[in-house]
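> Quick one: the structure is below, questions incoming.
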Amino acid sequence: MIKPFPDQTDFITRLSRALQTHRKVIAQASTGYGKTVCFSLICERYLSNPDNKGKSVVIACHRKALLKQARNKLFEVGLSAQPIIAGMH
């Protein structure tokens, strides 16, 4: 179980609210803020909502190391993740 820091909890809450009314939302945070933790918890919150049953989430990363980090955090919050890498069969 991942426990976010208070400022991350506020960040997650504000982003989750924005996603309720907007289809596209962008957020930024400084290096070391815990963005991977935040988006993993946002995904978990979104996918656990009964209204979103059967839906999926796509997360894009530009480096394999970030992809691995994201996948590990998603597993920590109880979500399955399948990486899709260019050139992968």
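The values are calculated or read from the model by the stated rules, or taken from the named source; none is laboratory data. Owing to the predicted nature of the structure, the values given are computational and were not obtained by experimental measurement. Positions of Cβ are generated from backbone atoms using ideal geometry, with glycine treated the same way; all protein chains shown enter the neighbour counts. Calculation scope for accessible area: heavy atoms of the full protein, side chains included, ligands and nucleic acids excluded. Shrake-Rupley method; radii C 1.70, N 1.55, O 1.52, S 1.80 Å.
> Which residue fluctuates the most in the chain, going by a Gaussian network model with Cα springs under 10 Å, if the choices are Arg45, Arg63, Arg71?
Sorting by GNM fluctuation, first place goes to Arg63.
> Heavy atoms of the protein only, probe of 1.4 Å, neighbouring chains included. What is the accessible area of Phe5 in Å², nearest 10?
Looks like 140 Å² after rounding.
> Follow-up. Under 18 Å Cα-Cα from Lys73, which lysines qualify once same-chain neighbours fewer than 8 residues away are excluded?
Hits, sequence-local ones excluded: Lys3, Lys35, Lys64.
> Here is a follow-up. For region 25-37, take each phi angle, set θ = phi - 60°, evaluate the Karplus expression 6.51 cos²θ - 1.76 cosθ + 1.60, and give the result in whole Hz per residue in order, putting x for glycine and proline.
9, 10, 9, 9, 8, 5, 4, x, 5, x, 4, 5, 4
> So, one more: Please report, in debye to the nearest 20, how large the charge dipole of the chain is about its Cα centre when each Lys and Arg carries +1 at its beta carbon and each Asp and Glu carries -1 there.
240
> At a 10 angstrom cut-off on C-beta neighbours, averaged per residue, how do the peptides 26-32, 12-18 rank from highest to lowest?
The peptides rank, most packed first, as 12-18, 26-32.
> Here is a further query. Using a probe of 1.4 angstrom, how much of the accessible area of the chain is carbon and sulfur, in percent?
55
> Relative contact order for the chain using alpha-carbon pairs under 8 Å, separation at least 6, rounded to a whole percent?
Once divided by the residue count of the chain, the mean separation gives 29 percent.
> Provide Asp10, Asp51 ordered by accessible surface of protein heavy atoms (probe 1.4 Å), highest first. Let's see the in-between values first.
Details: Asp10 80, Asp51 130 Å².
So, going from the largest accessible area down, we get Asp51, Asp10.
> Applying the Karplus parametrisation 6.51 cos²θ - 1.76 cosθ + 1.60 with θ = phi - 60° to the phi angles of region 47-52, what ³J(HN,Hα) value in whole Hz is obtained for each residue in order, glycine and proline being reported as x?
Calculated HN-Hα couplings, in order: 6, 7, 6, x, 5, 9 Hz.
> Where does the chain land at 222 nm, in deg cm²/dmol rounded to the nearest 500, when only DSSP H runs of n ≥ 4 count, each adding -39500 (n - 2.57), divided by all residues?
-15500 deg cm²/dmol
> How are the C-alpha pair distances of the chain spread across 10 Å bins, as whole percents from the shortest bin up?
All Cα pairs, binned at 10 Å, distribute as 14, 49, 33, 4, 0 percent.
> Tell me, what is the per residue accessible area of the chain in Å², probe radius 1.4 Å?
Numbers: 7220 Å² over 89 residues.
Computed with neighbouring chains in place, this is 81 Å² per residue.
> R0 = 22 Å: FRET efficiency of Thr9 with His62, Cβ-based, nearest 0.05?
For R0 = 22 Å, the calculated efficiency reads 0.20.
> Using a 1.4 Å probe on the protein heavy atoms only, what accessible surface does Val57 show? Give it in Å² to the nearest 10.
Rounded to the nearest 10, the figure is 60 Å².
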